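Working notes for the structure below.
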Amino acid sequence: LTVGPGKAYQKVKDAVAAAKPGDVIEVDAGEYVDDISSIKVNDLTIRGVGGRPHLKATVPPPNKKGIFVVELGVGPVTVENLEFSGARISANDGNNGAGIRAQGTDLRVKDCYFHDNQNGILAGDGLMTIEGSEFAYNGEGGYEHNVYIGAAPKFVFRGNYTHHAKSGHALKSRALENRIEYNRI
């Protein structure tokens, strides 16, 4: 499935809604403003092509979670070469808007950039692998983080750069097994 000017889909969220298990969504470089997606399909890859597409939130995500939300029970999902910024929700809704909110079973993130969100990635109990990505200037009220991983069975954080968290931690994990390798923190 292709996303961008003159492509099958103009918005990422429309391609995500149309996706079936095993699909690959290729997103052309450009800015996608308030293009919020709820991922409900297993075995899905979303990748930026021709540069790094920027998913920019300027209003609170209507799901009150994040720009991408990998729903409960969904996985594996792979996200490659995308930029996420601006995810914020109100204090009444939890103050924890995320570039990606991972509630599924298996999320893999490669070569992405998360900045100026309340949380870069906020993950739950699924497998989590992050490689070659950058996290910067996330956080706001003290309990948000560049990266937060819940009680996952395994978390791999390899070859990343996480820096200048505004509040919280540059990297926080409660995973049962952590592989933190070759990063700049």
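The values are calculated or read from the model by the stated rules, or taken from the named source; none is laboratory data. All of these numbers come straight from a predicted model, not from anything done at the bench. All Cβ positions, even for glycine, are placed from backbone atoms using ideal geometry, and neighbour counts span all protein chains on display. These area figures cover heavy atoms from the full protein model, side chains too; ligands, DNA and RNA do not enter into them. Shrake-Rupley method; radii C 1.70, N 1.55, O 1.52, S 1.80 Å.
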Completion exercise
Given (1) touching a Phe, Trp or Tyr at 6+ places or on another chain (Cβ under 7 Å); (2) of a type outside the set (S, T, N, Q); (3) surrounded by fewer than 17 Cβ atoms within 10 Å (Cβ to Cβ); (4) in a loop (DSSP other than H, G, I, E, B), A151 misses just (1)
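Test of understanding: among N92, N96, N81, which residue is at pLDDT below 95 and within 19 Å of I130 (Cβ to Cβ)?
Details: N92 fails: within 19 Å of I130 (Cβ to Cβ); N81 fails: at pLDDT below 95.
Result: N96 is the single residue among N92, N96, N81 that is at pLDDT below 95 and within 19 Å of I130 (Cβ to Cβ).
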Handout entry: Out of Y143, Y182, sole residue that is within 17 Å of G86 (Cα to Cα) and either under 14 Å from the mean Cα position of the chain (by Cα) or open to solvent by 10 Å² or more (accessible area, probe 1.4 Å) (or both)
Key = Y143
Exercise for the section: Output the residues belonging to the range 50-61 that are closer than 20 Å to E134 by Cα and open to solvent by 40 Å² or more (accessible area, probe 1.4 Å). Expected result: G50, R52, K56
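Scan the range 160-167 and tell me whether some residue there is part of a strand (DSSP E or B), under 19 Å from F84 (Cα atoms) and basic (K, R).
Scanning the range 160-167, I find no residue that is part of a strand (DSSP E or B), under 19 Å from F84 (Cα atoms) and basic (K, R), so the answer is no.
Here are D111, D116, D125, D93: which of them is under 20 Å from T45 (Cβ atoms), of a type in the set (D, E) and open to solvent by 10 Å² or more (accessible area, probe 1.4 Å)?
Values: D116 fails: under 20 Å from T45 (Cβ atoms); D125 fails: under 20 Å from T45 (Cβ atoms); D93 fails: under 20 Å from T45 (Cβ atoms).
The unique qualifying residue is D111.
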Completion exercise
With criteria (1) closer than 18 Å to Y113 by Cβ; (2) more than 13 Å from the chain's Cα centre (by Cα), A18 comes up short on (1)
Handout entry: Residues within the range 12-65 that are in a helix (DSSP H, G or I), more than 25 Å from N95 (Cβ to Cβ) and not β-branched (V, I, T), tallied
Key = 4
Problem - Residue list for the range 1-47, filter: more than 22 Å from D111 (Cα to Cα) and exposed (fewer than 15 other Cβ atoms within 10 Å of the Cβ) - result: P5, G6, K7, A8, Q10, A17, A18, K20, P21
Fill in the blank from the handout: Of I39, I25, I46, the only residue that is in contact (Cβ under 8 Å) with a residue 40 or more places away in the chain and of a type in the set (A, V, I, L, M) is I39
